[in-house]
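Heads up: the structure comes next, in structure tokens.
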Amino acid sequence: MDRVTPPAAPPLAAVFLRLFTVQASWNYDRLIGVGMGVAEEPLLRGLKGPSGDGAAYRAAVARGAHFFNAHPYLCGLAVGAAARAEYDGAPPEQVERLRTALCGPLGALGDRLVWAGWLPLLSAAAIAAIALGAGWGAVAGFLLIYNVGHVALRWWALRAGWAAGAGVVGALRSPVLQSGPGLVLPAMALVAGFCLPLAARWLVRPFPLVPAVGCALAAALGVALLRWRPGRIKSLWLGLVAVALGIAGGWVWR
Amino acid sequence: MRCSAAALESGDVRVLARLHAAGLARDLARAAIVTGLGLVAGWLLLRAGAGGLPPRVLTLTAALAGGAALAAGVSGLLRIVGRGSGLRWFAAGLAGGVAVLWIA
């Protein structure tokens, strides 16, 4: 493939907005591939060329919509890198290999950084703040900080992918991705541990003695059951059983 | 999806956009239906006199449901924290939380 000059002003904002819907067309055949193709398409318009036949553009769009799966906040890295590789004249097989190679690392990094780190860290901090009397300010703070963090991560990922192209491995060595989980995960564990007794106390405080003891027993028994048979006993069923027991027990107690 | 595979392989942008828009519309409909079902269920419970239940039934139900929610949260938390250094940080935080409760 020939090298094509990338657009001087790439439509990164349009791609960025489309990336928010990347999971909308999730399906078993391509997972988030179709959403990736939709997000990447504006960046590929420069491949239509002056002749306007659009063969390179259509081929790149088709590749962009192939099977893909990664963390939704980081898949912009793959979108930007694949689009840039198309302009740089990378052979189709190389673009496919690039996309395939990015699935695992982006999924694992995103899961550790966001689902196991950033989100529970801020949730625990917000719960602790509420338990200490911060009220709705804690909720607003959580929404603000969490969203600023993930929007910044999405934007950085897209720009880094577009800048790096096929050399996106260098972007994966960025301090954000390399040392981020190492900082966020211990912080999450510390704040979650701090939040737990405060949340339990806050939850039990309004109840008289008997329901408070019931609450503590339900919590202890629930943790034991969920840890004893993880996956077999579901939190939803536990909650429904607790509600049923509450209604039955309360009826007897009334 | 499989009916559109050939068009997708030819790089047909209109088919790509149509598939994605259909997915968005399905998400929107699913969210509206689930929200609607929740609101209707709440309204039906109120109409059926749930607010008039004996206070002890409501209190015990709220307490046990709260306990189950706490159990689900703690169980998920322990799974994320794992063992090793994560567990040590968790224990340190737990000690700090207990200390704050003690002081407050």
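The values are calculated or read from the model by the stated rules, or taken from the named source; none is laboratory data. Owing to the predicted nature of the structure, the values given are computational and were not obtained by experimental measurement. Glycine also receives a Cβ, built like all others from the backbone with ideal geometry; neighbour counts cover every protein chain displayed.
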Listing of helices (runs of 4 or more DSSP H) fully contained in the stretch A:1-119 that carry 3 or more residues being crowded, with 22+ Cβ neighbours inside 10 Å, within 13 Å of chain B (Cβ to nearest Cβ) and in contact with a His (Cβ under 9 Å, 6 or more places away or on another chain): A:33-44
Condition check for A:VAL139: aliphatic (A, V, I, L, M), modelled with pLDDT of 95 or more and surrounded by fewer than 20 Cβ atoms within 10 Å (Cβ to Cβ): yes
Every pair of residues 6+ apart whose Cβ atoms lie under 7 Å, when the first sits in the stretch A:233-244 and is facing another protein chain (nearest Cβ under 8 Å) while the second is surrounded by 13 or more Cβ atoms within 10 Å (Cβ to Cβ) and of a type in the set (D, E, K, R): none
B:ALA31 closer than 30 Å to A:ALA24 by Cα and either among the acidic types (Asp, Glu) or assigned by TED's automatic domain parsing to the domain that holds B:MET1 (or both): yes
Of all residues in the stretch A:205-234 being among the small types (Gly, Ala, Ser) and over 11 Å from B:LEU70 (Cβ atoms), the one that is surrounded by the fewest Cβ atoms within 10 Å (Cβ to Cβ): A:GLY231
Of the criteria (1) modelled with pLDDT of 95 or more; (2) out of contact with any Asp or Glu (no Cβ under 8 Å at 6 or more places or on another chain), which one A:ALA116 fails: (1)
